[in-house]
Structures are given as C-alpha cells and as structure tokens.
1. Given a 1.4 Å probe and heavy atoms of the protein chains only, how would you sort F5, F67, F88, largest accessible area at the top?
2. If amide hydrogens are placed 1.01 Å from N in the peptide plane, which non-local residues have theirs closer than 5 Å to the one on L167?
3. Along segment 96-103, what does the Karplus equation 6.51 cos²θ - 1.76 cosθ + 1.60 (θ = phi - 60°) give for ³J(HN,Hα), rounded to whole Hz, x for Gly and Pro?
4. Please work out, to two decimal places, the log10 of the ratio I(q)/I(0) at q = 0.15, 0.16, 0.19, 0.20 Å⁻¹ from a Debye calculation in which every Cα of the chain carries one identical scatterer.
5. With all protein chains present, how much of the accessible area of the chain (probe radius 1.4 Å) comes from carbon and sulfur, to the nearest whole percent?
6. In deg cm²/dmol, rounded to 500, what helix-only [θ] at 222 nm does the chain give when every DSSP H run of at least 4 residues adds -39500 (n - 2.57) and the total is split over its residues?
7. For segment 23-99, what is the largest minus smallest coordinate of the Cα atoms on each principal axis, given in angstrom and ordered from greatest to least?
8. Given the C-alpha centroids of segment 117-141 and segment 64-116, what is the distance between them in whole angstrom?
Amino acid sequence: MSRQFFFFDQPRRFVVGTVGQPGERVFYLQAADDSRIVSVALEKSQVLVLAERLEQLITEVATRTGFEVPEAVSPDTGPLENPIDEEFRVAAMGLAYDTESGLIIVEAQAPAETPEEAEASLLEDIEDGPDALRVRLAHQAAVDFIERARRVIAAGRPPCPLCNEPLDSAGHVCPRSNGYRRQVRLGSSD
C-alpha cells in the first residue's frame with residue numbers, strides 16, 4: 001500500500017495534548033510548521049513510554065558525547081492547534097539519534113498489515129507501508145516535549161494507590177483488593 005509520510009525537520013511546534021475530560025480524553029501528538037498541522041492519536045500509555053524513552057535517549061547521548069542535558073526552558077503549555085484532524089492512530093513508535101546533525105528522530109506509525117511490514121518500515125524511508133509521522137528535534141525541543149508530556153499525563157485522573165489504574169470520582173473496583181474492601185475512592189486506600 002502507498003504510504004502517506006509526514007516529515008517535519010525541527011518543526012515550529014511538536015507537542016502532546018488532549019481533547020476531552022479526564023477519563024474520556026483522546027491523546028494526540030501534533031506537529032506544526034508554518035504551512036501545515038498534523039495530528040495523530042495515541043494512548044496515554046504510549047505518551048508515557050515515549051517521554052520515558054526520549055529521556056533515556058537524551059541521557060545516553062549526553063553520556064556518550066559529553067554534552068550537558070538542557071533544562072526544560074519553556075515547555076509549550078498552549079492548547080493543540082486547530083484543526084485537529086486525526087491522520088491515523090499510532091500503533092508503533094521509534095526513536096533514533098542522527099549523529100551527523102545531532103538531532104533526535106521521533107517516528108509514530110499507523111498499524112501495519114503484518115508485523116514484518118511494521119518492523120521493516122519503522123524509521124525507514126520506503127514508499128510502501130503504513131502511514132507515518134517523523135519529526136527531527138533539537139535536544140532542547142525534546143526536553144521541552146518531555147516536560148509537557150509529563151504535565152499532560154499528570155492532569156488526568158490520579159492512579160489507584162493499590163493497582164495504579166486510574167480513579168474517577170466514583171472510585172473503581174480494584175483488582176488488587178481480591179474481594180476485600182472492593183471500592184477504592186479518591187483520597188482513600190480502603
């Protein structure tokens with residue numbers, strides 16, 4: 001299948017954001033430059049993993065090359081830009097470091113028809129395969145992205161103190177309670 005490939009080289013903006021209320025939020029990665037906006041949907045857990053792995057990559061590159069990891073200077077706190085048209089739902093993500101340019105590469109990919117196709121097309125410049133969003137970021141932009149991702153995740157429902165699943169105002173039946181004190185509510189661990 002012909003691949004729709006969205007490439008941004010140090011975009012004006014690369015952020016994660018949400019639409020909806022906690023418990024019903026839809027998460028988006030959004031890249032924007034002066035002429036276009038591309039939004040792809042993903043899960044909250046994917047945002048968390050992306051932020052953690054991005055931080056690990058930056059730390060490893062800093063250790064190997066000797067540069068100092070920048071502090072988050074001005075993480076973008078603005079809303080997602082309109083229009084928020086979902087290009088695809090993210091099924092796989094990849095990270096890489098371009099040693100020639102010193103830029104970090106983030107790629108989000110739509111579902112592939114086969115696992116082999118997904119593996120063969122991730123971070124590769126090929127014509128056929130699943131749709132993809134690829135963004136090249138400077139270190140500072142990556143650090144600012146991580147900080148915003150953490151804030152977006154923290155703005156959601158708090159985790160259950162027993163099972164770490166999200167709590168809503170009505171509480172939830174905790175699988176870790178094993179039938180004892182079954183209802184866990186906000187501000188309570190019993």
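1. Correct descending sequence by accessible area is F5, F67, F88.
2. Excluding prolines and chain starts, which carry no amide H, the hits are C160.
3. Calculated HN-Hα couplings, in order: 8, 10, 8, 5, 5, 8, x, 10 Hz.
4. Cα-only, vacuum Debye calculation for the chain: -0.94, -1.03, -1.27, -1.34.
5. That share works out to 47 percent.
6. So the helix-based figure for the chain works out to -8000 deg cm²/dmol.
7. The principal-axis extents, from largest down, are 40, 27, 25 Å.
8. 9
The values are calculated or read from the model by the stated rules, or taken from the named source; none is laboratory data. Nothing here was measured: the structure is a model prediction, and the numbers come from that model. Backbone-built Cβ (ideal geometry, glycine too); neighbour counts: all protein chains shown. Each accessible area value is taken on the protein alone, full model and side chains, heavy atoms only, with ligands, DNA and RNA left out. Shrake-Rupley method; radii C 1.70, N 1.55, O 1.52, S 1.80 Å.
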